[in-house]
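The values are calculated or read from the model by the stated rules, or taken from the named source; none is laboratory data. These figures come from a predicted structure and were not determined experimentally. Heads up, the Cβs are rebuilt from the backbone with ideal geometry, glycines too, and the neighbour counts pull from every protein chain shown.
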Amino acid sequence: MRRAPKDSAESHRLITRRGLILGGAQVGFMGLLALRMRYLQVDQADQFRLLADENRINIRLIPPTRGRIFDRNGAVIAENVPSYRITMVREEAGDVDEVIARLSRLVELDPDELRRAMRDLRELRGDTPVTIAERVSWDEISRIAVNTPALPGVTPEVGLSRRYPNGKDYAHLVGYVGPVSDRDLEKIDAPDQLLLIPRFQIGKIGLEAKREDLLRGKAGSKRVEVNATGQVMRELDRKEGQAGADLQVSIDNNLQSYVSARLEGESAAAVVIDCETGDLLACASSPSYDPNLFVRGISVANYKALLDNKYRPLPNKAVQGIYPPGSTFKMVTALAALENGHASLNDTVYCPGHLKVSGRRFHCWKRAGHGNVDLHRSLRESCDVYYYEMALRTGIENISNMAMRLGLGVAYDLPLTSVAKGLAPTKEWKLANKGTDWVIGDSVNAAIGQGFVLTSPLQLAVMASRLATGRSVTPRLIKSVNGVEQPTGHGEDLGLNENLLREVRKAMYAVSNNRRGTAYGSRIIEDAFRMAGKTGTSQVRNISSGERATGVRKNSALPWEQRDHALFVSFAPFDNPKVAVAVVVEHGGGGSTAAAPVARDIVLQALYGDDPPLDVYPEKDRGIVKKRQEELRRARPHTAGDESDRA
Amino acid sequence: MSYLEYSVKTTPTGLRKVLHLNWPLAILLVSVASVGFLMLYSVAGGSFKPWAEPQMKRFILGFTVMMFVAMVPIWFWRNMSVLAYLISVLLLVAVELVGSEGKGAQRWIDLGFMRLQPSELMKITLVMLLAAYYDWLPTKRTSRPLWVFLPVLFILIPVALVLRQPDLGTSILLIIAGGLIMFLAGVHWAYFAAVVAAGVGLITTVFQSRGTPWQMLKDYQFKRIDTFLDPSSDPLNHGYHITQSKIALGSGGWTGKGFMQGTQSRLNFLPEKHTDFIFVTLAEEFGFIGAFSLLCLYALIIVFCISAAISNRDRFSSLLILGVAATFFLFFAVNMSMVMGMAPVVGVPLPLVSYGGSAMLVLMLGFGLVQSAHIHKPR
């Protein structure tokens, strides 16, 4: 035994003492741990509970379904269709390049989109889903679904995207939607949270943009629980949003499609107004473009082609284009003089082919002159000198006033982009805008719708409808919102002398029904649908006196840009006006040859609701009309299809 | 002391040893391990796989090891101490040569059926060696410089090897555990004062070495220390662990969010939720009451060990029991301090609760020694 018992006992005491010291220290430290636990779990619990909820709960917006747009009969103009897209999460994909390579063997990837996607994959947080391809077909989605194991991080997603089934017919009217851009956001003071959702689509132009407030709807929200990598684990609760309102426009889909097709090939615009309600039954601008291209994001090449086209497909010529109305303005001048008592119905003016006003010769289109002309004849044969005389008698203020009463030179509150105000010039206007005094020559020019007068096709159609009804018919585009009918543009009585109006209408009837009328070639021979109208040919260049001396060059000899605009305004049927139509063919030449035949076709189409029987046309036109009807029916097979869908 | 010095008459033999087992201690160990199973079941989202089931198997193995070790007389283990220590050192050297990399550090040897971490084993064998050393050393020499230097050497050899892996947490645990046994054995206060002073000096030096070619810690270790000192400085990377851990703990409140309802752990905001941070899951789901209860279980284990040590008149046994208890204490104290933001994240598991094989087996081995000392104590 190496150790004495005493030694052993003492060593045991030492160990006991130190063991107790150590044990005490350990228990003390555990007390400290308990205090810390208490501090975190009891004293600060509320704060940490809040932080834990912040960690796990995300509030996500639920984008509302955009309101649809229908025509007056319920045909779909703008709808939402499911669209499939492919997204990828970098963190889940692992080897991004390899996965993309495999993906590209299954579906066609757009190189531009892919480049952008690759950049996003590199730069954004690794757990953000990045869109690799959009508008993927169902076939492609199924192919991806089958190959899911080989495509980690790749998810097919379904969303809604805007589609315009009859795109081209409505490009100018309805416009299109597109993803919110930074420029859009800058324009809004307090943007809706919705707009901050990547790729959220808003109206960019036309009705889509102007009634964004109705169409967009209200966002809902849902609270979701996410895990540390941002993956959604479950939905906690949701507050439903409100879908956008469905709009019904006054347009008749069939007519719109016909008008668009009829104008094809020209740079032209046509507007059809319902005389009773002011409803825009058709409103077309040609050439057009496919708005679906813009929804997808138009390619630079396609967009450049649209910009470079000399027929200018992008602007809506029907409401945005302003043209000198030419002779279609003559009803305004006549009514201004007659209403103010500066002329009576029987007054005649002698037309020698020109009128000399303050030393300057103003020519009539007919160099030889019309001889003695009264109101009826002046309109029927479109004598210019009669109106020069009327302008001299009544003055520009009266003409301007009458123009505005008849709907020219005023902007209509339509939900369309850049609705033009046009111009019904006054002396004040010239002083303010040109800085020079009004001269008598300006009035003479204005009398025949040249000079400063500018009107849009829409305004001309409104004028025709007001002449036809004597009411202040106002155009209406939105017929109902979510089924609630909107106020019509029936309008109050204009307060014009009914007697004078009747004479003007009679003269307009003669224009297309009298053998000597300027639009006799475009008459309708069915008595129930007789058309009243007025041709117009507006110059876009000055004819020099030198040219006059050598003889005015024929339109066909001029380059396209310098040819006259052809115009025609009309209403029908004459005894009971239902529709008013205005047609403008840019640089089309004469109103009687280029615009009136188009207007006649449109009028008949509007009144019949379909292709009219050939026997309403004069015999000699039937051959060509038949051919055109067949052509156009082939060009727009979709409308026939829509019709049967609805039935 | 030799075998003969024990009173054979009163020492139980055969199966009667089982009756003399320190049963309260054994039950406490099972209780703590059960808490572990429960939490591993919870963090797996209500599933025995992949953690709870293997952990149960290991605990059964560990318990068997404990019983086996307990049945063998304590003097046998005392005689084995030096050998065990040498084997551990050799294994540490082997790890240096053939070990597998895990998390940027060489820590284990793959034995096929399990991965052995020699550094874990060293925690027990060092305690055995030091207890045996002081049992052998006459008391009056305890504080003589030469006899103090020797155990310091025993401590520093494995510490140096573990640091090379590098495993800062285990190194510090080894130093503290070794130091505590020296303290228990009666080494003079002055030595400890000197060591603390030197420690402060060393820490300063380590920090000075940062960014120099002779940098003494890996970058990630430095970062962890930085983060510990100011978790908000790096909330998304290394500070993330601490911040999320505190959020989880704190949001548990008094009674917790309920079993398997801990959002922080279930949604993976909590890192390493089945290993180093399992205590946080417990605290989140069972609140202060749950966390405090576990702490009480631990405290009882310590108290039972100390009482067993004091009632044992065998010097080796006393030191061994206190040493094992101290090691056990260091495990959970460091782990809890770490997850509660009181210590840097050094990667120390919560004993018997965290998922992991080596630590559990080694601890059960340690408790086997405690039980053996208890059964075979001089009567």
Residues of the range B:28-64 satisfying the condition of being over 19 Å from the mean Cα position of the chain (by Cα), crowded, with 20+ Cβ neighbours inside 10 Å, hydrophobic (A, V, I, L, M, F, W, C) and assigned to a helix (DSSP H, G or I): B:M39, B:L40, B:V43, B:A52
Yes/no for B:V324 being within 10 Å of the chain's Cα centre (by Cα), surrounded by fewer than 24 Cβ atoms within 10 Å (Cβ to Cβ) and either more than 10 Å from chain A (Cβ to nearest Cβ) or at pLDDT below 90 (or both): no
Residue that is surrounded by the fewest Cβ atoms within 10 Å (Cβ to Cβ), among those in the range A:214-234 that are more than 14 Å from chain B (Cβ to nearest Cβ) and either free of Cβ contacts under 8 Å to residues at least 24 places away in the same chain or among the hydrophobic types (A, V, I, L, M, F, W, C) (or both): A:L214
The range B:327-346, residues that are in contact with a helix residue (DSSP H, G or I) (Cβ under 6 Å, 6 or more places away or on another chain), closer than 20 Å to B:M364 by Cα, more than 9 Å from chain A (Cβ to nearest Cβ) and of a type outside the set (A, V, I, L, M): B:T327
Single condition B:G253 does not satisfy, out of (1) away from every other protein chain (no Cβ under 11 Å); (2) out of contact with any Leu (no Cβ under 9 Å at 6 or more places or on another chain): (1)
One residue from B:Y298, B:Y355 being touching a Phe, Trp or Tyr at 6+ places or on another chain (Cβ under 6 Å), within 9 Å of chain A (Cβ to nearest Cβ) and not β-branched (V, I, T): B:Y298
Hits in the range A:11-24 (condition: modelled with pLDDT under 90 and facing chain B (nearest Cβ under 7 Å)): A:S11, A:H12, A:L14, A:I15
Breaking point among (1) buried (at least 24 other Cβ atoms within 10 Å of the Cβ); (2) more than 8 Å from chain A (Cβ to nearest Cβ); (3) over 19 Å from B:V348 (Cα atoms); (4) at pLDDT 90 or above, for B:F279: (3)
Residues located in the range B:133-181, provided they are more than 14 Å from chain A (Cβ to nearest Cβ), surrounded by fewer than 16 Cβ atoms within 10 Å (Cβ to Cβ) and of a type in the set (D, E, K, R): B:R144, B:R164
A:T333 more than 30 Å from A:L160 (Cα to Cα), outside any helix (DSSP H, G or I) and touching a residue at least 60 places away in the same chain (Cβ under 8 Å): no
Candidates B:L249, B:L267 - the one that is hydrophobic (A, V, I, L, M, F, W, C) and surrounded by fewer than 23 Cβ atoms within 10 Å (Cβ to Cβ): B:L267
Filtered residues of the range A:213-252 (kept if aliphatic (A, V, I, L, M) and either in contact with a strand residue (DSSP E or B) (Cβ under 8 Å, 6 or more places away or on another chain) or not in a loop (DSSP other than H, G, I, E, B) (or both)): A:L214, A:L215, A:A219, A:V224, A:V226, A:V232, A:M233, A:L236, A:A245, A:L247, A:V249, A:I251
Test: residue in the range B:189-208 that is on the phi < 0 side of the Ramachandran plot, crowded, with 16+ Cβ neighbours inside 10 Å and within 14 Å of chain A (Cβ to nearest Cβ): yes
Close pairs (7 angstrom Cβ cut-off, 6 or more residues apart or separate chains): surrounded by fewer than 24 Cβ atoms within 10 Å (Cβ to Cβ) and at pLDDT below 95 in the range B:112-129, part of a strand (DSSP E or B) and not charged (D, E, K, R) anywhere: B:R115/B:W108; B:L116/B:W108; B:L116/B:I109
Residue count for the range A:56-75, restricted to those that are touching a helix residue (DSSP H, G or I) at 6+ places or on another chain (Cβ under 7 Å) and over 18 Å from A:Q242 (Cβ atoms): 5
Filtered residue count, the range B:341-379, keeping only those that are outside any helix (DSSP H, G or I), of a type in the set (A, V, I, L, M, F, W, C) and modelled with pLDDT of 90 or more: 3
Flag for A:V42 being in contact with a strand residue (DSSP E or B) (Cβ under 9 Å, 6 or more places away or on another chain) and either buried (at least 17 other Cβ atoms within 10 Å of the Cβ) or outside the structural domain of A:R223 (by TED's automatic domain parsing) (or both): no
Some residue of the range A:454-469 being part of a loop (DSSP other than H, G, I, E, B), at pLDDT 95 or above, buried (at least 21 other Cβ atoms within 10 Å of the Cβ) and touching a strand residue (DSSP E or B) at 6+ places or on another chain (Cβ under 9 Å): yes
Test: residue in the range A:34-54 that is in a loop (DSSP other than H, G, I, E, B), within 27 Å of A:E225 (Cβ to Cβ) and at the interface with another protein chain (Cβ under 9 Å from one of its Cβ atoms): yes
